[in-house]
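Take a look at the structure below.
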Amino acid sequence: MTRLILPRSQEHLPQCVEALAVVHAAVGYPVIWPTDPSEWLTGEGFLGAWVATDATVVQGHIGLKHSLLDDGRQVGEIFRLFVVPDAQGTGIGRLLLALGVARSHAHGLLPMLRVLLPEARDVASWYERLGWRLHSTRLATHGPLASRGYSIATYLLGDSGSTGGGM
């Protein structure tokens, strides 16, 4: 099967929302379904997004945005990474993650990602196997995540020369 990784365009957004709905139904990501999924896929400080496709259907997504660590360091936050269940285990997640790391470096930013705990412990373990290291954990302080007692774990890429995608 031919896989393409493409910059996400406006034309991809409806398929991205459909793919996100499939992921949400299967594994509960995102934990809280957004009011406006298209806007949620972009977010504040947006630097770009990419999709994995089999040339006809979006199978995965990743975004990159400018963010700050608690200590004030500027980072490229890799966010909104998901792969539809039928394509999981094919390497798409690793390809998208490696691209997010490369694009973060291209912007001169340290790659960073956040994981919602306890919901995404398996995902956090996957990141750790790929060389990401826990930087900090804090309780969610606002919005519905705070009222549900979630923690947010921040991960940095352990080896600055690594792709973070196991490649």
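The values are calculated or read from the model by the stated rules, or taken from the named source; none is laboratory data. Predicted model only: the values in this text are computed from it and were never measured. Note: ideal-geometry Cβ built from the backbone for every residue, glycine included; neighbour counts use all protein chains shown. The accessibility values were calculated without ligands, DNA or RNA, using every heavy atom of the protein model including side chains. Shrake-Rupley method; radii C 1.70, N 1.55, O 1.52, S 1.80 Å.
General remarks:
- Stretch in the chain that is longest and holds no trypsin sites (Lys or Arg not before Pro) that DSSP places in a loop and that have at most 16 other beta carbons within 10 Å: 74-147
- Apportionment of accessible area to carbon and sulfur, segment 25-167, percent (1.4 Å): 51
- With contributions of -39500 (n - 2.57) from each DSSP H run of at least four residues, the per-residue ellipticity at 222 nm computed over the chain stands at -8500 deg cm²/dmol.
- Fraction of antiparallel bridges per DSSP, the chain only, in percent to nearest 5: 90
- Counting only protein heavy atoms and a 1.4 Å probe, the chain has 52 square angstrom of accessible area per residue.
- Couplings for segment 61-78, taken from phi via the Karplus curve 6.51 cos²θ - 1.76 cosθ + 1.60 with θ = phi - 60°, read 8, 8, x, 9, 9, 6, 8, 10, 7, 4, 8, x, 5, 7, 9, x, 7, 7 Hz in order; Gly and Pro are left as x.
- Around L20: net Lys/Arg minus Asp/Glu count, Cβ-Cβ under 13 Å: -1
- Residue-wise HN-Hα coupling along segment 49-58, computed from phi with Karplus coefficients 6.51, -1.76, 1.60 (Hz; x: Gly, Pro): 8, 9, 10, 9, 9, 9, 5, 10, 10, 5
- Highest-MSF residue in the chain out of L99, L134, L113 [GNM, Cα springs under 10 Å]: L134
- Over all other residues within a Cβ to Cβ distance under 14 Å of T56, the charged ones net out to -3, with Lys and Arg as +1 and Asp and Glu as -1.
- For segment 8-89, the set of GluC sites (Glu not before Pro) satisfying both a DSSP loop assignment and a count of at most 12 other C-beta atoms within 10 Å is given as E44.
- Where [x] 10.4; [y] 16.4; [z] 9.3 are the candidate values, the label of the one calculated here for mean projected area of the Cα convex hull in nm² is [z].
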